[in-house]
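K.L.:
What follows is a structure written as C-alpha cells; I'll ask about it next.
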Amino acid sequence: MGATLSVLALAAMVFAQGQSTSQTKPPTAVDATQVQRVDSFSKQLAWNHLVKQVNIGPRYPGSDGHLKCRDWIVEEMKKVAQDTATQEFTHKWSKGPTKTMWNVTATQGWKDAKVRIVVLAHWDTRPTADYDPVPANQGKPILGANDGASGVAVLVELARVMQFRRPKDLGIMDLFTDGEDLGPSLDEMFLGAKHFVKNLPSPRPDYGILLDMIGDKDLKIPVEPNSLSYARELTLAFFNLAKVRGFGSTFPMEEGPIIEDDHIPLNQAGIPTLDLIDFDYEPWHTLGDTIDKCSADSWGKVGDMMVEWLVQTPPFQPKKR
C-alpha cells in the first residue's frame, strides 16, 4: 500500500538496531483441534493461513512463490465458496519484463442477494525492500507477513465462517488483489484493484471493505481519511458498531494518516469502500516484515469484528448516490 509523502517519511525512519530480518527456522502452524466452534472466527486457523504464506516465501509477481500462493488461495476458497475464479491481467513493468498477475474472486450467495459486499485484501508482496535501513537489502524482496499475508489470512478464515453465518440477504465476494505492491511508484501499484473495477461482476458490489496490514502486535486501526471522504456513511457505521460491540480500542473513532490503497480505485468507480489499516508499522517495506512481528490476537479482533459486521440483520446497505 501507499501513503502520503509525510507518512512515507515516518515509515523510512530506521527501526531498532540489531533488528533481525531473517528467521532461523520456518514458522509452524498450530493444532487445528484448538478451534472451539466451527461457526466462530478462529485466530488459530488464521494463523495457520499466515504461516502457509510466509513459508512459501516472497510472493511478488514473477516469483515461484507468486504462483504457489495463487494456487493455494484458489484451493482454499473452492472449499468454502460457491464460485471461485481468477482474473488474469498483465502490466508492462518499468523495472523489468512484463508481469502476468491474477486476482482471485470467490463468492457466497452473490446472485440472489439483496445487498452485496466485496471484502478484499492484496496477496502479492513488495519485490523490493525500499525502506530497509540497510542499503544492501533494499533491492531484495520482502516476506510481507503483515503487509500481504495478514489480510489474506483473515479473508480465508472469514469465508469459512460465513458458510455458517452469512445472512440470506447478503452476498459476499472475497477479492484477493494482485499487483497492489509492485511499484516502485504509485502509478504501478493497486493494479489488481484497477483491473477489477474495469471488469466488474454483474451484479456489482454495493460497497466494500479492505483489510491491509492488520496483523501487527500493537494493533490500532484508526479512521482512514480517504475512506471518510469517499465512503462516510459506511465508515461511520462500521466504527460506531465497533464501539458498540466492544472493539472501540482496536478501532478508535479518530483519524489516522491519509492512505493510498486498493480502496481508491473502487471508490472512484462508485463503490464506497472502507480501508481498515494500521500504518503505524516500523518494518513496512523492509526485510523485517516477518511473522515474529505479527499477533494472532490482532487479526482475531479484526476477524471477530468483521463477523459482527457481516451478520447484521438487515445487512448494512449504503444509500444510493
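K.L.:
Going by the structure shown, is Val156 touching a strand residue (DSSP E or B) at 6+ places or on another chain (Cβ under 9 Å) and either part of a helix (DSSP H, G or I) or buried (at least 24 other Cβ atoms within 10 Å of the Cβ) (or both)?
P.N.:
yes
K.L.:
Another question, if that's okay. Just to be sure before I move on: is Glu75 assigned to a helix (DSSP H, G or I), farther than 21 Å from Leu310 by Cα and of a type outside the set (A, V, I, L, M, F, W, C) in the structure I sent?
P.N.:
Judged against the criteria, Glu75 is a match.
K.L.:
Sticking with this structure for a sec: Looking only at residues that are aliphatic (A, V, I, L, M) and under 18 Å from Gly300 (Cα atoms) in the range 235-259, which one is surrounded by the fewest Cβ atoms within 10 Å (Cβ to Cβ)?
P.N.:
Val244
K.L.:
Turning to a different aspect of this structure: Do we find a residue being crowded, with 21+ Cβ neighbours inside 10 Å, among the polar types (S, T, N, Q), at pLDDT 95 or above and in contact with a helix residue (DSSP H, G or I) (Cβ under 9 Å, 6 or more places away or on another chain) anywhere in the range 82-98?
P.N.:
Looking for residues that are crowded, with 21+ Cβ neighbours inside 10 Å, among the polar types (S, T, N, Q), at pLDDT 95 or above and in contact with a helix residue (DSSP H, G or I) (Cβ under 9 Å, 6 or more places away or on another chain), one finds none in the range 82-98, hence no.
K.L.:
Still on this structure: Out of (1) among the aliphatic types (A, V, I, L, M); (2) under 30 Å from Ala136 (Cβ atoms); (3) touching an Asp or Glu at 6+ places or on another chain (Cβ under 8 Å), the odd one out for Leu274 is which?
P.N.:
Exception for Leu274: condition (2).
K.L.:
Say whether the condition of being basic (Lys, Arg), touching an Asp or Glu at 6+ places or on another chain (Cβ under 8 Å) and outside any helix (DSSP H, G or I) is met by at least one residue in the range 52-69.
P.N.:
Checked the range 52-69: at least one residue is basic (Lys, Arg), touching an Asp or Glu at 6+ places or on another chain (Cβ under 8 Å) and outside any helix (DSSP H, G or I).
K.L.:
Sort out which residues of the range 193-227 are under 12 Å from Val118 (Cα atoms), within 17 Å of the chain's Cα centre (by Cα) and not β-branched (Val, Ile, Thr), and write them in order of number.
P.N.:
Ala193, Phe196, Tyr207, Gly208, Leu210, Leu211
K.L.:
Would you check which residues across the range 75-116 are of a type in the set (Gly, Ala, Ser) and in contact (Cβ under 8 Å) with a residue 40 or more places away in the chain and list them?
P.N.:
Ala81, Ser94, Ala106, Gly109, Ala113
K.L.:
Any idea which of (1) assigned to a loop (DSSP other than H, G, I, E, B); (2) out of contact with any Pro (no Cβ under 8 Å at 6 or more places or on another chain); (3) hydroxyl-bearing (Ser, Thr, Tyr) is the one Thr84 doesn't satisfy?
P.N.:
Evaluating Thr84 over (1) assigned to a loop (DSSP other than H, G, I, E, B); (2) out of contact with any Pro (no Cβ under 8 Å at 6 or more places or on another chain); (3) hydroxyl-bearing (Ser, Thr, Tyr) leaves (1) as the failure.
K.L.:
Tell me, please, whether a residue that is part of a loop (DSSP other than H, G, I, E, B) and hydroxyl-bearing (Ser, Thr, Tyr) can be found in the range 185-195.
P.N.:
yes
K.L.:
Same structure again: Only one residue in Asp289, Asp262, Asp280 is within 23 Å of Ile117 (Cα to Cα), of a type in the set (Asp, Glu), crowded, with 18+ Cβ neighbours inside 10 Å and in contact (Cβ under 8 Å) with a residue 60 or more places away in the chain. Which one?
P.N.:
None of the others qualify; the one that does is Asp262.
K.L.:
Those residues that are in a strand (DSSP E or B) and out of contact with any Lys or Arg (no Cβ under 9 Å at 6 or more places or on another chain), I need them from the range 90-100; list them, please.
P.N.:
Correct list: Thr100 only.
K.L.:
Still on this model: Test of understanding: among Pro141, Pro127, which residue is closer than 17 Å to Met189 by Cα, surrounded by fewer than 24 Cβ atoms within 10 Å (Cβ to Cβ) and in contact with a Phe, Trp or Tyr (Cβ under 6 Å, 6 or more places away or on another chain)?
P.N.:
Of Pro141, Pro127, the one residue that is closer than 17 Å to Met189 by Cα, surrounded by fewer than 24 Cβ atoms within 10 Å (Cβ to Cβ) and in contact with a Phe, Trp or Tyr (Cβ under 6 Å, 6 or more places away or on another chain) is Pro141.
K.L.:
If you take the residues in the range 33-81 that are of a type in the set (A, V, I, L, M, F, W, C) and under 16 Å from Gly179 (Cα atoms), which one is surrounded by the fewest Cβ atoms within 10 Å (Cβ to Cβ)?
P.N.:
Going through the qualifying residues, I end up with Leu67.
K.L.:
If you don't mind, another one. Among (1) crowded, with 17+ Cβ neighbours inside 10 Å; (2) at pLDDT 95 or above; (3) assigned to a loop (DSSP other than H, G, I, E, B), where does Thr21 come up short?
P.N.:
Single failed check for Thr21: (2).
The values are calculated or read from the model by the stated rules, or taken from the named source; none is laboratory data. Small disclaimer: the values here were computed from a predicted structure and weren't measured. Cβ coordinates were reconstructed from backbone atoms using ideal geometry, including for glycine residues, and neighbour counts include every protein chain displayed.
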